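Visitor: Okay, handing you the structure first.
The values are calculated or read from the model by the stated rules, or taken from the named source; none is laboratory data. All values reported here derive from a predicted model rather than from experimental measurement. Counting neighbours? That spans all protein chains shown, and the Cβs are built from the backbone with ideal geometry, glycine included. Only protein heavy atoms, including side chains, enter the accessible area calculation; ligands, DNA and RNA are left aside. Shrake-Rupley method; radii C 1.70, N 1.55, O 1.52, S 1.80 Å.
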Amino acid sequence: MDPTTDNAGYTRDQGNARTSLEALRAEIAKAVVGQDPAVTGLVVALLCRGHVLLEGVPGVAKTLLVRALASALELDTKRVQFTPDLMPSDVTGSLVYDARTAEFSFQPGPVFTNLLLADEINRTPPKTQSSLLEAMEERQVTVDGTPRPLPDPFLVAATQNPVEYEGTYPLPEAQLDRFLLKLTIPLPSRQDEIDVLTRHAEGFNPRDLRAAGVRPVAGPADLEAARAAVAKTAVSPEITAYVVDICRATRESPSLTLGVSPRGATALLATSRAWAWLTGRDYVIPDDVKALALPTLRHRVQLRPEAEMEGVTADSVINAILAHVPVPR
């Protein structure tokens, strides 16, 4: 069967869609050094129609990563710097009075985009944080009783600093649960950091991705074809039971006060299917579940204070559970 194409020439063939999405890594690497896991996580989120929480210290290219992804996918992107005085209408948009027509018209906010970078989301009060809830869950914004759909694809990539808590408003569990993945952006290795400095010495400008050679290698049609393929990725009853057993084990862990909800189990199944398809299979294996367990579940559990004081982390608890839950054969 010949693949069909859209006006931009992007193929809708599922095999070509996988090839195009795999090419994202090489394209984004022209601007961002050594962050392949984060790139993969963002692609998985797009395939699952989910959202991503990026956690890392300032200066590890979180903003550049999202901008490079948008350029390589030829998607619209906007950035909002979340501050204590930011209002919900600054994100969603508002009704503005037009004196010429004597009527109110809706002025869309920055949320009306494909990739929204919510920078330092924990710096703004809960009222403004919650303005994103409807957009993330329902993919629409309701102003003055009128729902307005958001573009498709739509992804919120929210960032937060893990080491500075003064003047911040931690995201409540209900909102954390709306993020499909929590990706940690580590400091680069020594060689990666040398590569970063070498690029800057050679004239690399992070504000000019075109000059850096970042070009569109995939588009919305590829995402649609890929999503259709992911939806057909087979999941055996044994894999479903494995996902459930992992999530139930978090609810019984003595180190946790809050375990993974059924929504978290659904998220783990979805991300495992997307990862299976990206790696070239049309069925899910236990290794797919293990590969996505940490980014999918780490923000959905809550440590007991005494465990936290002993140095226990969410990742260590989940890794211990993965080591003990029987793996289906």
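Visitor: Taking only Cα atoms and a 10 Å spring cutoff, compute GNM fluctuations for the chain and point out the largest among 169, 97, 242.
Guide: Between 169, 97, 242, it is 97 that shows the largest mean-square fluctuation.
Visitor: Turning to a different aspect of this structure: On a straight-distance basis, which lysines could pair with residue 290 in a cross-link, Cα separation under 24 angstrom, same-chain partners fewer than 8 positions away excluded?
Guide: Candidates past the 8-residue exclusion: 182, 232.
Visitor: Pairs of alpha-carbon atoms within less than 8 angstrom and 6+ residues apart define the contacts here; what relative contact order does the chain have, in percent?
Guide: Relative contact order of the chain: 22 percent.
Visitor: Among the GluC sites (Glu not before Pro) within the range 231-321, which fall in a DSSP loop and have no more than 14 other Cβ atoms within 10 Å of their own Cβ?
Guide: Here the sparse-neighbourhood loop sites are 310.
Visitor: Mind checking the per residue accessible area of the range 106-214 for me, 1.4 Å probe, whole number of Å²?
Guide: Heavy-atom SASA per residue in the range 106-214 reads 51 Å².
Visitor: Follow-up question, since we're still on this one. Using unit Cβ charges (K, R positive; D, E negative) and no other charged atoms, how large, in debye to the nearest 20, is the dipole of the range 72-146 about its Cα centre?
Guide: Roughly 120 debye, rounded to the nearest 20.
Visitor: Compute the semi-axes of the equivalent ellipsoid of the range 234-326, taking the square root of 5 times each eigenvalue of the Cα gyration tensor, and list them largest first in whole Å.
Guide: Square roots of five times the eigenvalues give 25, 12, 11 Å.
Visitor: Which percent of the accessible area of the chain is formed by carbon and sulfur heavy atoms (probe 1.4 angstrom)?
Guide: Here carbon and sulfur together make up 53 percent of the probe-accessible area.
Visitor: May I ask for the Rg/Rh ratio of the range 224-263, computed from Cα atoms with Rh as the Kirkwood radius, given to two decimals?
Guide: Result for the range 224-263 is an Rg/Rh of 1.18.
Visitor: Report, for the chain, the % of DSSP beta bridges that are antiparallel, rounded to 5.
Guide: Bridges in the chain are about 40 percent antiparallel.
Visitor: Residue 30: which aspartates and glutamates have alpha carbons under 18 Å from its alpha carbon, excluding same-chain residues fewer than 8 sequence positions away?
Guide: Within the straight-line limit of under 18 Å, residue 30 reaches these aspartates and glutamates: 22, 74, 192, 193, 195, 202, 208.
Visitor: Right, something else. Assigning unit charges at the beta carbon (Lys, Arg +1; Asp, Glu -1) and nothing else, what dipole magnitude in debye, to the nearest 20, does the chain show about its Cα centre?
Guide: Once rounded to the nearest 20, the dipole reads 380 debye.
Visitor: Now a separate question. Let me have the 222 nm mean residue ellipticity of the chain computed from DSSP H runs of 4+ only, each contributing -39500 (n - 2.57), with the sum over all residues rounded to the nearest 500.
Guide: -13000 deg cm²/dmol
Visitor: Tell me which aspartates and glutamates have Cα within less than 20 Å of residue 127's Cα, excluding those fewer than 8 residues away on the same chain?
Guide: 85, 90, 119, 137, 138, 144, 166, 173, 177
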